[in-house]
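The values are calculated or read from the model by the stated rules, or taken from the named source; none is laboratory data. Note that the structure is predicted; figures quoted are calculated from it, not measured. Positions of Cβ are generated from backbone atoms using ideal geometry, with glycine treated the same way; all protein chains shown enter the neighbour counts. Protein only, heavy atoms only, side chains kept; ligands, DNA and RNA dropped before computing areas. Shrake-Rupley method; radii C 1.70, N 1.55, O 1.52, S 1.80 Å.
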Amino acid sequence: MLTPVLSDNWDQIRSWQLASYQRSGGYDALRTALRMQPADVVTAVKDSGLRGRGGAGFPTGMKWSFIPQDNPKPKYLVVNADESEPGTCKDIPLMLASPHTLVEGVIISAYAIRASTAFIYVRGEVLHVIRRLHQAVEEAKAAGFIGTDILGSGYDLDVIVHAGAGAYICGEETALLDSLEGRRGQPRLRPPFPAVAGLYGCPTVINNVESIASVPAIIKNGADWFSSMGTEKSKGMTLYSLSGHVARPGQYEAPMGITLRQLIDLAGGIREGHEMKFWTPGGSSTPLLTAEHLDVPLDYEGVGSVGSMLGTKALQIFDDTTCVVRAVLRWTEFYKHESCGKCTPCREGTWWLVQILERLEHGKGTEEDLVTLLDLCENITGRSFCALADGATAPITSSIQHFKDEYLAHFENGGCPFDPMASTVFATAGASA
Amino acid sequence: MAENSSLSHATATDRPVPYSTGDSNITDTTIAEMRALAARYPVGRSALLPMLHLVQSVEGRVTPEGIEACAEVLGLTGAEVSAVATFYTMYKRRPVGDYHVGVCTNTLCAVMGGDLIFERLKQHLDVGNDETTEDGKITLEHLECNAACDYAPVMMVNWEFFDDMTPESATQLVDDLREGTEVKSPRGATICTWREAERVLAGFPDGRADEGPTGGKATLAGLRLARERNWTAPSGRQGGGDGAAAQTTVSPEAAAGPRPSDQPGKESGTGSPATPDSRKED
């Protein structure tokens, strides 16, 4: 049912240190990879069926193969460790518990695309994670896994840990590149794609932490091993992150295609005395789903077939004490705050969305406001450079689709019918604000 | 905006901030460290974000002098550096206290109690969002998602995690910080000052990576269940070709070697003399 691979060493003593990681077989895959031709490493990752774990699900090996090797410019690998999609909390614990899994993946992946410099762009708001990444890179350098002529292979690589400074948009890959170049983090128009003109205008691969961290296991155990897990088009194991109103929230590493019903069961069920109301399959930018979707396979195709997206597998679970209008307003405020301001529909539209939702939550809206909201969403989605705008409209349109009555109840009631204390974790402990 | 300052919802952002206080702490050492940061990258400008973190560690905020120093080192104009500094939420124009206390009020944490915690702390500390207590100890700010949703409601102190908070544990936490009591993050190190934290973010490690556990209860929830029920991933490729590889292929037994913490429920990894998770682990 569960298949710990990435998380398998997390209960080891000092699992973040090189010695502990090597006791668990760490850096064996690097030795294997360095005896292979770079192109064969790309092929192995292609054959494994690994798809990007940052949300989009693009095949990782295919992304690598887009790097034009006849281009004389330097090639770069950039790890997107800017985990900040609301609900998403898998990369941070991975890097905290086992930064070497990522570092080993970085070295193998950089070797595959023949990059001589790799960057780990980690959000700035996670001090201890940054400490452990710094230390892991230093340990790997001292052990000869990073530097010149790595393990006698003739391959040279430098790895730089780079802390961001608080901007959700920098999780968007082209905005991340601008930020890494020391600029405001604003998305670029594509094409050209980063594989052709990325960091400093050079061929660049950008991958999510979990994608890169999955590479050592694939090289070590083989593409067939990886693709023996999961479903037809969504291969391998992955980290599912359960949060919210379940008995035991946390990280659950399982094959692609497990259902939320199974995961909630593993997590001890919905908190006692309550029922599931709605959930997000992969962060706030993925349209929310309800109890009728509990048996949908959590893979790219399954979640897509019910009108949402697998995203980052950030399963935020909300029970019947949660006001959906409050939840959606808060997410919308987030998108408003994080819109980089480059594209007008997103910059202006998110402010309008917040104004209308505020009115609705306070019971001062009308049914016409719902029509306006949906009309606005139509004018925002798909009309900006990046997907932030699309993400901003996802919770609104999906919540109106599933919970229109609750919006209506707000203005029939003259305000929110929910008690905000009832939804808290300390509601039953008798605590109060 | 002056007429706004008398309204009750007025925040620090409505009040003017001096362009320069004239007592910059930036020295030749700072400039040398900025040059060292720039030298780490293929193109120096990539060091601008780390350099601005360094400015904050020296100045306690992003000062005009700090902006000019970055500009000089990178060959940019002050306006170009300002344009970057004002884009990112972590860069502060007003002095930050010794402890930057963040409360996540994004949807999941808000619903799980973050909103009530933030309200309680505003009352308790008598400050608004993005304001600092009069003793200069604590700057309170509400945060967007900090990637720890499985520990909601979440707070951050100088960008270290504080998990599963309640209004009571939150007020206790800020009281401890103000009184100078040593405070440890349940998934991190002993709390340092905000300026010290900013120096690490700039790229100058403080040697404290080994403090704290591998993860908290939620991080290990799935793994513990798998151990309990003997669930594993399929076994991988055995043998590995040539001699060098033989030693590199680890059998499940070998990999399980020194694994004293397999027993479900037993905390592992705190290792060092540091106390076990002091706060929330049960």
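Counting only the heavy atoms of the protein chains, how much of A:CYS323 is accessible to a 1.4 Å probe, in Å² to the nearest 10?
10
What does the structure give for A:85-97 when I average, per residue, the other chain Cβ atoms found within 10 Å of the residue Cβ? The partial results should precede the final answer.
Values: counts 2, 10, 8, 3, 12, 4, 1, 7, 11, 2, 0, 9, 8.
Partner-chain Cβ atoms within 10 Å, mean over residues of A:85-97: 6.
Once the piece of chain linking A:LYS404 and A:PHE193 is laid out straight, how much longer is it, given 0.36 nm per residue of separation minus the C-alpha distance between them? Can you show the working numbers first?
Details: separation 211, 0.36 × 211 = 75.96 nm, distance 3.98 nm.
Roughly 72.0 nm would be gained on extension.
Report in % the part of the accessible area of the protein assembly as shown that belongs to carbon and sulfur, leaving out ligands and nucleic acids; probe 1.4 Å.
50
In whole Å, what is the distance between the alpha-carbon centres of segment A:344-409 and segment B:110-163?
A separation of 28 Å, based on Cα centres.
When Cβ neighbours within 10 Å are restricted to other protein chains, what is their mean count per residue of peptide A:246-254?
Mean inter-chain Cβ contacts per residue within 10 Å come to 6.
When chain A is modelled as a GNM with alpha-carbon springs shorter than 10 Å, which of A:GLY87, A:GLY268, A:GLY57 fluctuates the most?
Result for chain A, Cα springs under 10 Å: A:GLY268 fluctuates most.
Where the only charges are on Cβ atoms (+1 Lys, Arg; -1 Asp, Glu), what is the dipole of segment B:18-85 about its Cα centre, to the nearest 20 debye?
I would put it at about 300 debye.
Compute the separation of the alpha-carbon centres of segment B:193-225 and segment A:83-102 and state it in Å as a whole number.
What the calculation gives is 11 Å, centre to centre.
With no solvent and one point on each alpha carbon, what is the Debye value of log10 I(q)/I(0) for segment A:18-227 at q = 0.11, 0.15, 0.16, 0.18 Å⁻¹?
-0.46, -0.89, -1.03, -1.35
On C-alpha positions alone, give me the angle between the axis of helix A:344-361 and the longest principal axis of chain A, in degrees, nearest 10.
Roughly 40 degrees, rounded to the nearest 10.
Which far-off residues, 5 or more places away or on another chain, put their amide H under 5 Å from the one on A:ASN208, with H placed in the peptide plane?
When sequence neighbours closer than 5 places are left aside, the close amide H contacts are A:ARG53, A:GLY54, A:ASN80.
Can you give the net charge of the other residues whose Cβ lies under 13 Å from the Cβ of A:ARG330, counting K and R as +1 and D and E as -1?
On the way: positive: A:ARG326, A:LYS336; negative: A:GLU333, A:GLU338, A:GLU358, A:GLU361, B:ASP115, B:GLU144.
Value of the local net charge: -4.
Rounded to the nearest Å, what's the spacing between the alpha carbon centres of segment A:1-56 and segment A:133-147? Just the number, please.
Cα centroid to Cα centroid, the span is 16 Å.
What's log10 of I(q)/I(0) for segment A:237-319 at q = 0.21, 0.26 Å⁻¹, Debye sum over Cα points only, no solvent?
Treating every Cα as an identical point scatterer, log10 I(q)/I(0) equals -0.87, -1.39.
How large is the Rg to Rh ratio of segment A:89-196 when both quantities use alpha carbon positions and Rh follows Kirkwood?
Working: Rg = 14.7 Å, Rh = 14.8 Å.
Reported Rg/Rh (Cα atoms, Kirkwood Rh): 0.99.
Work out the charge dipole of the protein assembly as shown with +1 on the Cβ of Lys and Arg and -1 on the Cβ of Asp and Glu about the Cα centre, then indicate which of A:GLN12, B:LEU108, A:GLN262 is farthest towards its positive end.
Ranked along the dipole, the leading option is A:GLN12.
Which whole number in µm²/s is D for segment A:183-285 by Stokes-Einstein, with the Kirkwood Rh taken over Cα pairs at 10 °C and 1.306 mPa s?
94
I want to verify a result. In a Gaussian network model of chain A, Cα cutoff 10 Å, which of these has the top mean-square fluctuation: A:LEU189, A:LEU157, A:LEU353?
With Cα springs under 10 Å in chain A, the top fluctuation among A:LEU189, A:LEU157, A:LEU353 is at A:LEU189.
Ignoring ligands, DNA and RNA and using a 1.4 Å probe, state the total buried accessible area between B and A in Å², rounded to the nearest 100. It would help to have the intermediate numbers written out before the result.
Values: alone 15740 and 17870 Å², together 25610 Å².
Summing both chains' loss of accessible area gives about 8000 Å².
Under 28 Å from the Cα of A:LYS73, which lysines turn up, not counting those fewer than eight places away in the same chain?
Correct list for A:LYS73: A:LYS46, A:LYS63, A:LYS141.
Accessible area per residue, 1.4 Å probe, Å², for segment A:3-156: what's the number?
On a per-residue basis, 28 Å².
What is the log10 of I(q)/I(0) for segment B:18-85, computed with the Debye formula using one identical point scatterer on each Cα and no solvent, at q = 0.11, 0.14, 0.27 Å⁻¹?
-0.21, -0.34, -1.29
Considering the Cα trace of the protein assembly as shown, what is its radius of gyration and what is Dmax, both in angstroms?
Looking at the protein assembly as shown, its Cα Rg and Dmax stand at 24.3, 78 Å.
Which value, in debye to the nearest 20, gives the size of the charge dipole of chain A about its Cα centre, when Lys and Arg are +1 and Asp and Glu are -1 at the Cβ? The partial results should precede the final answer.
Numbers: 37 positive and 49 negative charges, 265 e Å.
Value, rounded to 20: 1280 debye.
If you build a Gaussian network model of chain A, linking Cα atoms that sit under 10 Å apart, which residue out of A:GLY49, A:GLY283, A:GLY154 swings the most?
Residue with maximal mean-square fluctuation among A:GLY49, A:GLY283, A:GLY154: A:GLY154.
Taking a cut-off of 26 Å between Cα atoms, list the lysines near A:LYS336, but don't count ones fewer than 8 places away on the same chain.
Hits, sequence-local ones excluded: A:LYS90, A:LYS277, A:LYS313, A:LYS364, A:LYS404, B:LYS92, B:LYS122.
Would you mind classifying segment A:1-133 by shape? Square roots of the alpha carbon gyration tensor eigenvalues, ordered a ≥ b ≥ c; an a/c under 1.5 is rounded, otherwise it is prolate if a/b is larger than b/c and oblate if not. It would help to have the intermediate numbers written out before the result.
Values: a/c = 1.59, a/b = 1.35, b/c = 1.18.
Since a/c reaches 1.5 and a/b is larger than b/c, the shape of segment A:1-133 is classed as prolate.
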